Amino acid sequence: MTSQQLARSESPDALTWWRHAVIYQVYPRSFADGNGDGIGDLPGITTRLPYLAALGVDAVWLSPFYRSPQADAGYDVSDYRDVDPLFGTLDDFDRMLQQAHRLGLRVIVDLVPNHTSDEHAWFREALSSPAGSPERKRYLFRDGTGEYGELPPNNWQSIFGGRAWSKVPGDSQWYLHLFDSRQPDLDWNHPDVRKDFEDVLRFWLDRGVDGFRVDVAHGLIKAEGLPDFAGHVAMVEGSGGAHSNHGPMWDQEGVHDIYRSWRRVLDEYPGDRMMVAEAWVHPPARLARYVRADEMQQAFNFDYLLTHWNADDFRAVIDRSLAVVGEVGAPTTWVMSNHDTVRHSSRYGLSIPGARPRGIDAAGEQPDEALGLRRARAAALLTLALPGSAYLYQGEELGLPEHTTLEAEHRQDPAFFRTGGAEIGRDGCRVPLPWHSDQPSYGFGSGSATWLPQPASFARYAVNRQDGVAGSTLELYRSALKQRRVSALGTGTLTWLACAPGVVAFANGPVRVFVNTNDYPVALPDGRAIVASEPLLADGQLPANAAVWLAGT
Ligand code: NOJ
Ligand code: CA
């Protein structure tokens, strides 16, 4: 089935697919390895697409697979119109897309517009051209300060640690990189940059992709004059939902023009193509500006991801999220984990359940694995019952924990190196998936190679140990996704229900949802259990840290 065929079965407005879709994030290097070299690839993904179709998701979002020296696991793109040989070829991409569409799955690809790789042709030309040359104008080159230009142009810090500026060897200039020094920031005021990215959009739209996840969507335009900023910058900051990416490099008015122009490009294509913003902005009303009617269709709801395991906090974030995007007519998204955060099954097992550490290593607090999993299963029933669109991160349907004891010698995240290890980094959530407990690399590839070592505990979580096993996390997700579809929860309306303290309770269509965040059981009203994260107690009570969907209003 092509995108066009998929689109014909949809109605154009309230039921447009992305308004209620469950979108599964594939992190290509860790999903499935088709050629046994230890790194996941496009042929590997193609082989496993039937698993995703059977899981019951609507779409797949692929993190970058473009040509890249992999200084930031592919978020450093040297050619936006080609597949990195590590992941396969353009033909492999086309085969993957065709197979996904045949199975009724849409495909969203990642777009990385804030910065290129230092190996991108434009940056190479810039480095080999003199200060002030047109070749340098596509990036943010500036003269240094200090008597001899030996100091950076301003005091900005990189999100990955250290200075946000690197000096050009043998030259008076510096270039800006909000991330790694191998990820120079583009100057989005330059017409070449604007034009080229529109062409890149068309390149992938022409191939048939259903949309784009837009990386660092809040960072493309910097405040005029690049003024000093003493505040701390981070991809995600603070706790309890109060992350604060303020500063002259974030959330500037000018970014919205860019998304309006991209929206016009997408609208030229049939089939409800969409964009989702990765924008760590706060408060939610600022985020809602990215999903106004003529901009993107969705933005990741990181406030929800950051919420601690606490009923009041969940209710508040849900209310807020629904209200702010409702004002601009956009759907809410719900997301608990991704390739940048500690997996929520591990976060919920910490002494502050839901706290977001910047990675976990053997020296740090080790999560209570069983408790974290129990809460993660309950959280899945919360997330999948909410109206709007939900994002799942690969492996969460297995209840997969973070690798919390990965040795430093295996780490690859540039944030780990740029902070001298102070930031443990994101490798722990990027470990290759376990497909089969009894095979080398737990079935990730044909051999034993994996680009990051898998912990022994992954055997317990492998797909083959859960497939068809009543009560497994995989079967819980499959049932919830099926019921969500049958009961049209994604397009439903939430009505809060009266409940005991520590419980989140609401009705959505024909389903009543109860999430018990307490460490003790609570009574439930009458009703047939459709899906439960734990067996209900003999007296009908909902156990501690568990959730249930009851039939009836
Ligand atoms: C956000 C991506 O999700 C992350 O993985 C990456 O390191 C930064 N953007 C820079 O592209
Ligand atoms: Ca491979």
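The values are calculated or read from the model by the stated rules, or taken from the named source; none is laboratory data. Worth saying up front: this structure is predicted, and the values here are computed from it rather than measured. Positions of Cβ are backbone-derived with ideal geometry, glycine not excepted, and every protein chain shown enters the neighbour counts. Side chains included, ligands, DNA and RNA excluded: accessible areas come from the protein's heavy atoms. Shrake-Rupley method; radii C 1.70, N 1.55, O 1.52, S 1.80 Å.
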| How do the peptides 423-434, 290-301 rank, highest first, by the average count of neighbouring beta carbon atoms within 10 Å per residue? | 423-434, 290-301
| request: At 1.4 Å probe size, with every protein chain present, just tell me what the per residue accessible area of the chain comes to in Å². | output: 35 Å²
| query | When the accessible area of the range 346-464 is split by element with a 1.4 Å probe, what percent falls to carbon and sulfur? | reply | 53 percent
| query | Got a number for carbon plus sulfur as a percent of the range 264-344's accessible area, 1.4 Å probe? | reply | 50 percent
| Non-local amide H neighbours of Leu86 (under 5 Å, H modeled in plane, Pro and chain starts lacking H): which ones? | none
| said: Explain nothing, just the number: relative contact order of the chain, from Cα pairs under 8 Å at least 6 residues apart, as a whole percent. | reply: 13 percent
| note | Relative contact order of the range 355-459 (C-alpha contacts under 8 Å, at least 6 apart) in percent is 26 percent
| What is the distance in Å between the Cα centres of the range 34-74 and the range 154-181? | 32 Å
| said: In whole percent, and with a 1.4 Å probe on the protein chains, what portion of the accessible area of the range 86-204 is carbon and sulfur? | reply: 50 percent
| request: List the residues whose amide H sits under 5 Å from the amide H of Arg106, counting only those 5 or more places along or on another chain, with H placed 1.01 Å from N in the peptide plane. | output: Ala59, Val60
| Got a sec? Which residues in the range 185-205 would a label at Asp171 touch, if it sits 7 Å along Cα→Cβ and we count backbone N under 13 Å? | 185
| remark: The number of Lys pairs in the chain whose alpha carbons lie under 29 Å apart, excluding pairs fewer than 8 residues apart on one chain, is 6
| query | For the range 538-549, what does the Karplus curve 6.51 cos²θ - 1.76 cosθ + 1.60, with θ = phi - 60°, yield as ³J(HN,Hα) per residue in whole Hz, taken in order and with x for Gly and Pro? | reply | 4, 7, x, 6, 8, x, 4, 6, 9, 9, 9, 10
